[in-house]
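Participant: Here's a structure for you.
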Amino acid sequence: MDTNGDQAGHHAEGVVGAGSAETRSVSAHANGNGHHANGNSHHALLKEKIAILKREREAVILAHNYQDGAIQDVADFTGDSLGLARQAQQTDAKVILFCGVHFMAETAAMLCPDRKVIVPDLAAGCSLADMIMPGQVRRWKQEHPGGVVVCYINTAAAVKAECDYCCTSANGEDIINAIPADKEILFVPDYYLGSYLKAKTGRNIELWKGYCPAHAVIDPAHIEKLQEIYPDAEFLMHPECGCLTKQMDVADKILSTDGMMKHVKESKSSTFIIATENGILYRMRKENPEKTFLPASEQATCHHMERNTLEKVLRSLLTLQYPVTVEPQIARRALVCIERMMEISNKAKPLAFPAQEAPVVYGWLDKDPQPVQWGDHVLAAANDLS
Ligand code: CIZ
């Protein structure tokens, strides 16, 4: 357990003790110190505390498909960035605890200006998003007058503010096809997703040379070996994969993470080779226990996603750290390309969560942010700890 997490364990006792009868009984169950020799019971205890605090805070926990399994277990929703952005828009919760990386929380904060969006660790960023800066987009546009800039959702809000359309790996094709055919397209920052969209749509697309380090380590030679050993396995590949340009023709399917989740559920195959960040294997195995999932590379892990831990999730709920906000003048501009994406994508595809209505994305800019009201005991406990 890390030092911060340890502190979170102690802090939790203070707050649960100060709360309801239900919270006090959990405190008694914990024997008052939060330390357990057995890792499983330690996790179970953390999960219990998180559930209690989540209720007291009126919070919702959103977890990306790449998050550690323990975090997926405490989340109300697990999904891709688009699905989670939709969940953020639809929730009544006062607090959105976003377990993923920074740009995802920024998107939720922009779409939900009247909610408090917090993250367990502010350092959980995105190496791919860091490969393009707003000034670089401005200069690129000057070199290509009339070019339409499409950004992958894996970009900072300040970069999105310079772009015309946003897309995810789930809706990239729909977004590109919605742009008038005579337009030159500048795609940032992922070279591989951009190459894939260029091949699929046949459009005139200039590519920025960014890449995701977690997907870049996936080695085609290793995939070939796995395919020899498991000839019946389906090979599913994410379009961010660095070997995409070589493997595009041999992949059975090139899919976003939610696309993969849907496919493995519906497919008649029993074994799958999965080429994306390995956090998703937990969800695949949990939801499809009768099927076998093999990582295309044991090394395909995102060190930013790994920064989030259960201890930090608990600490976030206690202290309401760390809030993610976007300056209004940036948010206003960034939302133009996000809302265009939502509109195209909502028309093109059924919602990822069909039980709910499509979110109303227009008109929020006229709303004033509402202050969030807390129960006094929660507020007092949080103030003591921060
Ligand atoms: O859009 C996302 O959540 C990412 C980064 C990948 C995917 O395919 O879901």
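The values are calculated or read from the model by the stated rules, or taken from the named source; none is laboratory data. Worth saying up front: this structure is predicted, and the values here are computed from it rather than measured. When we count neighbours, we look across all protein chains shown, and the Cβ atoms used for this are built from the backbone with ideal geometry, even at glycine.
Participant: For segment 193-239, how many residues are closer than 25 Å to GLN67 by Cα and acidic (Asp, Glu)?
Facilitator: Result for segment 193-239: 2.
Participant: Looking only at segment 126-136, count every residue that is outside any helix (DSSP H, G or I) and buried (at least 19 other Cβ atoms within 10 Å of the Cβ) and tell me the total. First the steps, then the outcome.
Facilitator: As a first pass, look at segment 126-136 and keep what is outside any helix (DSSP H, G or I): 126-128, 132-133.
Among the residues that remain, those that are also buried (at least 19 other Cβ atoms within 10 Å of the Cβ) are: 126, 128, 132.
Number of matching residues: 3.
Participant: Going through LEU317, LEU294 one at a time, which residue ends up being among the aliphatic types (A, V, I, L, M), surrounded by 22 or more Cβ atoms within 10 Å (Cβ to Cβ), modelled with pLDDT of 95 or more and more than 15 Å from the ligand (Cβ to nearest atom)?
Facilitator: Working: LEU294 fails: surrounded by 22 or more Cβ atoms within 10 Å (Cβ to Cβ).
Being among the aliphatic types (A, V, I, L, M), surrounded by 22 or more Cβ atoms within 10 Å (Cβ to Cβ), modelled with pLDDT of 95 or more and more than 15 Å from the ligand (Cβ to nearest atom) holds for just one of LEU317, LEU294, which is LEU317.
Participant: Is it the case, given these coordinates, that THR276 is more than 16 Å from the ligand (Cβ to nearest atom) and of a type outside the set (D, E, K, R)? Please lay out each step first, then the result.
Facilitator: Numbers: more than 16 Å from the ligand (Cβ to nearest atom): no; of a type outside the set (D, E, K, R): yes.
No: the conditions fail for THR276.
Participant: Exactly one of these conditions fails for VAL264: (1) closer than 28 Å to ASP73 by Cα; (2) not in a helix (DSSP H, G or I). Give me its number.
Facilitator: For VAL264, the exception is condition (2).
Participant: Additional query: Of the residues that make up segment 112-119, is at least one in the same structural domain as SER316 (by TED's automatic domain parsing), farther than 17 Å from LEU317 by Cβ and β-branched (Val, Ile, Thr)?
Facilitator: Residues of segment 112-119 in the same structural domain as SER316 (by TED's automatic domain parsing): 112-119.
Those still in the list that are farther than 17 Å from LEU317 by Cβ too: 112-114.
From what's left, β-branched (Val, Ile, Thr): none.
The answer is no, given that none of the residues of segment 112-119 is in the same structural domain as SER316 (by TED's automatic domain parsing), farther than 17 Å from LEU317 by Cβ and β-branched (Val, Ile, Thr).
Participant: Given the conditions (1) more than 12 Å from the ligand (Cβ to nearest atom); (2) assigned to a helix (DSSP H, G or I); (3) at pLDDT 90 or above, which single one is not true for ASP232?
Facilitator: Against the list (1) more than 12 Å from the ligand (Cβ to nearest atom); (2) assigned to a helix (DSSP H, G or I); (3) at pLDDT 90 or above, ASP232 comes up short only on (2).
Participant: Kindly list the number of the only condition in (1) modelled with pLDDT under 95; (2) under 20 Å from GLU311 (Cα atoms); (3) within 24 Å of the chain's Cα centre (by Cα) that fails for ASN38.
Facilitator: Here ASN38 meets the rest and fails (3).
Participant: Right, something else. Please work out if ALA352 is within 26 Å of THR276 (Cβ to Cβ), in contact with a strand residue (DSSP E or B) (Cβ under 7 Å, 6 or more places away or on another chain) and modelled with pLDDT under 95. Before the answer, list the steps.
Facilitator: Working: within 26 Å of THR276 (Cβ to Cβ): yes; in contact with a strand residue (DSSP E or B) (Cβ under 7 Å, 6 or more places away or on another chain): yes; modelled with pLDDT under 95: yes.
Yes, satisfied.
Participant: Name the single residue that is farthest from the ligand (Cβ to nearest atom) among those in segment 235-273 being at pLDDT 95 or above and hydroxyl-bearing (Ser, Thr, Tyr).
Facilitator: SER270
Participant: Please name all residue pairs, on different chains or six or more residues apart, with Cβ atoms under 9 Å, provided the first residue is in segment 76-90 and is farther than 14 Å from MET110 by Cα and the second residue is charged (D, E, K, R) and within 11 Å of the ligand (Cβ to nearest atom).
Facilitator: Close Cβ pairs satisfying both conditions: GLY79/ASP258; ASP80/ASP258; GLY83/ASP258.
Participant: Could you list all residues from segment 60-75 that are free of Cβ contacts under 8 Å to residues at least 60 places away in the same chain and more than 16 Å from the ligand (Cβ to nearest atom)?
Facilitator: Within segment 60-75, the subset free of Cβ contacts under 8 Å to residues at least 60 places away in the same chain is 60, 62-63, 73, 75.
Listed by number, the residues that qualify are VAL60, ASP73.
Participant: Follow-up question, since we're still on this one. Please count how many residues of segment 244-255 are under 16 Å from LEU226 (Cα atoms) and buried (at least 19 other Cβ atoms within 10 Å of the Cβ).
Facilitator: Residues meeting the conditions: 2.
Participant: Filtering segment 256-291 down to residues that are more than 16 Å from CYS241 (Cβ to Cβ) and β-branched (Val, Ile, Thr), which residue is surrounded by the most Cβ atoms within 10 Å (Cβ to Cβ)?
Facilitator: Residue satisfying both the conditions and the ranking: VAL264.
Participant: Right, another one. If a residue must be charged (D, E, K, R), more than 14 Å from the ligand (Cβ to nearest atom) and not in a loop (DSSP other than H, G, I, E, B), how many such residues does segment 279-291 contain?
Facilitator: Narrowing segment 279-291 to residues charged (D, E, K, R): 283, 285-287, 290-291.
If we keep only those that are more than 14 Å from the ligand (Cβ to nearest atom) as well, we get 285-287, 290-291.
So of that shortlist, the ones also not in a loop (DSSP other than H, G, I, E, B) come out as 285-287.
Residues in segment 279-291 being charged (D, E, K, R), more than 14 Å from the ligand (Cβ to nearest atom) and not in a loop (DSSP other than H, G, I, E, B): 3 in total.
Participant: Looking at GLU234, GLU240, can you tell me which residue is closer than 21 Å to TYR191 by Cβ and touching a Ser or Thr at 6+ places or on another chain (Cβ under 9 Å)? Quick ask: steps written out before the conclusion?
Facilitator: Numbers: GLU234 fails: closer than 21 Å to TYR191 by Cβ.
The conditions single out GLU240.
Participant: Residues of segment 246-261 being under 16 Å from ASP232 (Cβ atoms) and assigned to a loop (DSSP other than H, G, I, E, B), which ones?
Facilitator: Narrowing segment 246-261 to residues under 16 Å from ASP232 (Cβ atoms): 250-253.
Listed by number, the residues that qualify are VAL250, ALA251, ASP252.
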